[in-house]
Amino acid sequence: MSAESGPVIFIDDDEDVLRAATQMLKLASFSPSVFGSAEAALARIDGNFDGPVVSDIRMPGLNGLQLFERVKAIDPEIPVVLITGHADVELAVAAIKDGAYDFISKPYANDRLLVTLHRASEKRRLVLENRRLRDAVVRSAGDIPLIGEAPTMIRLRETLSQIADTDVDVLVEGETGTGKEVVADLLHRWSRRRTKPFVALNCGALPESVIDSELFGHEAGAFTGAQRRRTGRIEHSNGGTLFLDEIESMPPALQVKLLRVLETRQITPLGTNETRSIDLRVVSATKADLGDPAARGDFREDLYFRLNVVTLRIPPLRERREDIPMLFGHFLERASKRFSRPVPDISAGVRDRLASHNWPGNVRELVHFADRVALGLEGLGTLIASGRKEQAVSSLPLSEKVGLYEATVIRDALQECGGDVRRTIEVLGVPRKTFYDKLKRHGIDAADYRKTAIG
Ligand SMILES: Nc1ncnc2c1ncn2[C@@H]1O[C@H](COP(=O)(O)OP(=O)(O)OP(=O)(O)O)[C@@H](O)[C@H]1O
Ligand SMILES: [Mg+2]
């Protein structure tokens, strides 16, 4: 028999009644669970129970009214239907006032009970559905929300909430600045691992010489200079989430070691022979399409398959342009607050750029653009750069105009190079010292443009 009418808990101390009820409920395509006592039923009821509870009032042990009080304490929105003898009608009416769903007097026609149960089931389904929706809203309003109403982003958020609280390893794929770390962070925060550490490792940024002790830890005296025992970062993430960032730049030697850890879920700290089991959830991130052998380079295929039990792809911003205004509005407001300035009006120039720019740096580039707009720098820089005149700028002395232009050029270069100072200096073709002098003069902090380093 199908279970399309949903579960029902039915309680009566009379076995014949239970047998008859089971048959009747199954025929009406409910899936009944029947119990001979309130105590036995209560052991099975929690806040997720998705159906009504039907109980006789007169029973040895806990009676139906006491059962109702207990169920109410578990979840006041579980519908409880009481079956009453003639003498108990007044009590049953009082229970209704107290929140019981309905009462039915003996003797009753099956249809009467079934109609009530269908309505009660439907009500319960709606209650639970509303709770799920409410939870989803609370989640999306979290402090690092994953903003976006493009269909791909809505789907991404749905998938995230479905898999966050499972232990599957996840590979997050996306261009620079698309929000890979935001996604990794949400996977952690929406899981029961949230109370344990989120450990981020930038796989390309670890110097080979320290990789082993950094990742796996060591005992005191394991090597010269190892005075004290050290817990490695992988062990530190025990019970929590290990975020492997930029896996495409992981050195081959590290790939081999990590593969072993992922397969065995064990580590062996330096200077010990002892293996320690660890409870890990691994989220990794890559800018490259590692599924494509041409793009994979020297990344091991076996490690790739180990890491991508589930792959989440975040589309670049240019493929979800409808999200740009909302994201920009959010970042502009946040930046204005941070710089203690009023939220500026959006000029035609800014609007143009939002609409026409290709955003190769994706959301991160948009964040920095909003920062510059909040500081009132953006309009000036672009106007000067494009050689157009504007009152505010034209009234400035030449040296300041040039200064503003220079600051914009430096910011753009830093942006382009993801805050990598060495590359920025190359791109700009200035001596190192000059570059640092200019950063200082314009109050630019290269770190603001840098991506997350070792967590
Ligand atoms: N959908 C989004 N909603 C709100 N903020 C976002 C969103 N996507 C990205 N951001 C913000 O954009 C910036 C870049 O995001 P993040 O660091 O997660 O990118 P990434 O994909 O890890 O980039 P990279 O590959 O360069 O490390 C962060 O400030 C992040 O908070
Ligand atoms: Mg990142």
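Tell me which of these E246 doesn't satisfy, since it passes every other one: (1) of a type in the set (D, E); (2) at pLDDT 85 or above; (3) out of contact with any strand residue (DSSP E or B) (no Cβ under 8 Å at 6 or more places or on another chain).
For E246, the exception is condition (3).
If you take the residues in segment 252-272 that are open to solvent by 60 Å² or more (accessible area, probe 1.4 Å) and charged (D, E, K, R), which one is nearest to ligand 1 (Cβ to nearest atom)?
Going through segment 252-272, the residues open to solvent by 60 Å² or more (accessible area, probe 1.4 Å) turn out to be 252, 256-257, 260, 263-264, 266, 271.
Now narrow it down to the ones that are charged (D, E, K, R): 257, 260, 263.
Working: K257: 23, R260: 26, E263: 26 Å.
Step by step, filter segment 252-272, then rank; the result is K257.
For D298, all conditions in the list (1) assigned by TED's automatic domain parsing to the domain that holds S356; (2) open to solvent by 70 Å² or more (accessible area, probe 1.4 Å) hold save one; what is the number of the exception?
Every listed condition holds for D298 apart from (1).
Go through segment 220-251 and report how many residues are closer than 22 Å to R193 by Cα and within 16 Å of ligand 1 (Cβ to nearest atom). Even if it seems obvious, please write down each step before you answer.
So the first thing to find is which residues in segment 220-251 are closer than 22 Å to R193 by Cα, and the list is 231-245.
Imposing the further condition that a residue be within 16 Å of ligand 1 (Cβ to nearest atom) reduces the set to 241-245.
Count: 5.
Which condition does I324 not pass, out of (1) at pLDDT below 90; (2) in contact with a Phe, Trp or Tyr (Cβ under 9 Å, 6 or more places away or on another chain), if it passes all the others?
Status for I324: all satisfied but (1).
So which residues in segment 273-295 are crowded, with 20+ Cβ neighbours inside 10 Å, of a type outside the set (V, I, T) and more than 11 Å from ligand 1 (Cβ to nearest atom)? Break it down into steps so the answer makes sense when it comes.
Step one: filter segment 273-295 for residues crowded, with 20+ Cβ neighbours inside 10 Å, giving 280-286, 290.
Now drop any that are not of a type outside the set (V, I, T), which leaves 280-281, 284-285, 290.
Listed by number, the residues that qualify are L280, R281, S284, L290.
Within segment 202-214, restricting attention to residues that are closer than 29 Å to N362 by Cβ and more than 13 Å from ligand 1 (Cβ to nearest atom), which residue is most open to solvent (accessible area, probe 1.4 Å)? Give the derivation first.
First, pick out the residues of segment 202-214 that are closer than 29 Å to N362 by Cβ: 202-207.
With the extra rule that they be more than 13 Å from ligand 1 (Cβ to nearest atom), the set shrinks to 206-207.
Values: L206: 10, P207: 72 Å².
If we take residues in segment 202-214 being closer than 29 Å to N362 by Cβ and more than 13 Å from ligand 1 (Cβ to nearest atom), then P207 is most open to solvent (accessible area, probe 1.4 Å).
I'd like the residue in segment 55-81 that is farther than 17 Å from A43 by Cβ and among the aliphatic types (A, V, I, L, M) and, out of all such residues, is nearest to the chain's Cα centre (by Cα).
The extreme case among them is V81.
Would you call A43 in contact with a Phe, Trp or Tyr (Cβ under 7 Å, 6 or more places away or on another chain) and modelled with pLDDT under 95?
Numbers: in contact with a Phe, Trp or Tyr (Cβ under 7 Å, 6 or more places away or on another chain): no; modelled with pLDDT under 95: yes.
Here the answer is no, as A43 does not meet what is asked.
Please give the number of the condition R334 fails out of (1) more than 19 Å from M153 (Cβ to Cβ); (2) at pLDDT below 90; (3) not acidic (D, E).
Of everything listed in (1) more than 19 Å from M153 (Cβ to Cβ); (2) at pLDDT below 90; (3) not acidic (D, E), R334 misses just condition (1).
Those residues that are among the hydroxyl-bearing types (S, T, Y) and either open to solvent by 40 Å² or more (accessible area, probe 1.4 Å) or on the phi > 0 side of the Ramachandran plot (or both), I need them from segment 327-378; list them, please.
So the first thing to find is which residues in segment 327-378 are among the hydroxyl-bearing types (S, T, Y), and the list is 336, 340, 347, 356.
Scanning segment 327-378 gives S340, S347, S356.
Please state which of the following conditions S386 fails to meet, knowing it meets all the rest: (1) under 30 Å from D345 (Cβ atoms); (2) modelled with pLDDT of 85 or more.
(2)
Residue under question is I267, and the condition is that it be over 30 Å from F216 (Cα atoms) and β-branched (V, I, T); does it hold?
Details: over 30 Å from F216 (Cα atoms): no; β-branched (V, I, T): yes.
No.
Mind checking whether some residue in segment 232-241 is out of contact with any Gly (no Cβ under 9 Å at 6 or more places or on another chain), in a strand (DSSP E or B) and within 16 Å of ligand 2 (Cβ to nearest atom)?
Within segment 232-241, the subset out of contact with any Gly (no Cβ under 9 Å at 6 or more places or on another chain) is 237-241.
Narrowing the set further to residues that are in a strand (DSSP E or B) leaves 241.
Cutting the leftovers down to within 16 Å of ligand 2 (Cβ to nearest atom) gives us 241.
So far as segment 232-241 goes, yes, one or more of its residues are out of contact with any Gly (no Cβ under 9 Å at 6 or more places or on another chain), in a strand (DSSP E or B) and within 16 Å of ligand 2 (Cβ to nearest atom).
What residue, among those in segment 272-295 that are modelled with pLDDT of 90 or more and of a type in the set (V, I, T), is farthest from D165 (Cα to Cα)?
Among those residues, the one meeting the criterion is T286.
If I filter segment 182-201 down to residues being among the charged types (D, E, K, R) and open to solvent by less than 60 Å² (accessible area, probe 1.4 Å), which single residue comes out as farthest from P315 (Cα to Cα)? Walk me through how you get there before you give the answer.
First, the residues of segment 182-201 that are among the charged types (D, E, K, R): 185, 189, 192-194, 196.
So of that shortlist, the ones also open to solvent by less than 60 Å² (accessible area, probe 1.4 Å) come out as 185, 193.
Numbers: D185: 18, R193: 27 Å.
Out of the qualifying residues, it is R193.
Being touching a residue at least 40 places away in the same chain (Cβ under 8 Å) and closer than 22 Å to H188 by Cβ is the filter here, so list the residues in segment 275-289 that pass it.
Here is the first cut: in segment 275-289, the residues touching a residue at least 40 places away in the same chain (Cβ under 8 Å) are 276, 278-289.
Scanning segment 275-289 gives R276, I278, D279, L280, R281, V282, V283, S284, A285, T286, K287.
Here are L244, L259: which of them is within 25 Å of the chain's Cα centre (by Cα) and closer than 22 Å to Y304 by Cα?
Details: L259 fails: within 25 Å of the chain's Cα centre (by Cα).
Result of the check over L244, L259: L244.
I324 passes all but one of (1) surrounded by fewer than 18 Cβ atoms within 10 Å (Cβ to Cβ); (2) of a type in the set (V, I, T); (3) not assigned by TED's automatic domain parsing to the domain that holds K196; which number fails?
(1)
Return only the number of the condition from (1) in the same structural domain as R192 (by TED's automatic domain parsing); (2) away from ligand 1 (no atom under 16 Å from the Cβ); (3) of a type in the set (A, V, I, L, M) that V350 does not satisfy.
Of the numbered conditions (1) in the same structural domain as R192 (by TED's automatic domain parsing); (2) away from ligand 1 (no atom under 16 Å from the Cβ); (3) of a type in the set (A, V, I, L, M), the odd one out for V350 is (1).
Scan segment 248-295 for residues that are of a type in the set (D, E, K, R) and either part of a loop (DSSP other than H, G, I, E, B) or outside the structural domain of P207 (by TED's automatic domain parsing) (or both) and jot them down. Reasoning before the result, please.
Of the residues in segment 248-295, the ones of a type in the set (D, E, K, R) are 248, 257, 260, 263, 265, 274, 276, 279, 281, 287, 289, 292.
Hits for segment 248-295 are R265, E274, D279, K287, D289, D292.
The values are calculated or read from the model by the stated rules, or taken from the named source; none is laboratory data. These numbers were taken from a predicted model, which means no experiment stands behind them. Methodologically, a virtual Cβ is constructed for each residue, glycine included, from the backbone with ideal geometry; neighbour enumeration extends over all protein chains shown. What goes into the accessible areas is simple: the full protein's heavy atoms, side chains included, and nothing from ligands, DNA or RNA. Shrake-Rupley method; radii C 1.70, N 1.55, O 1.52, S 1.80 Å.
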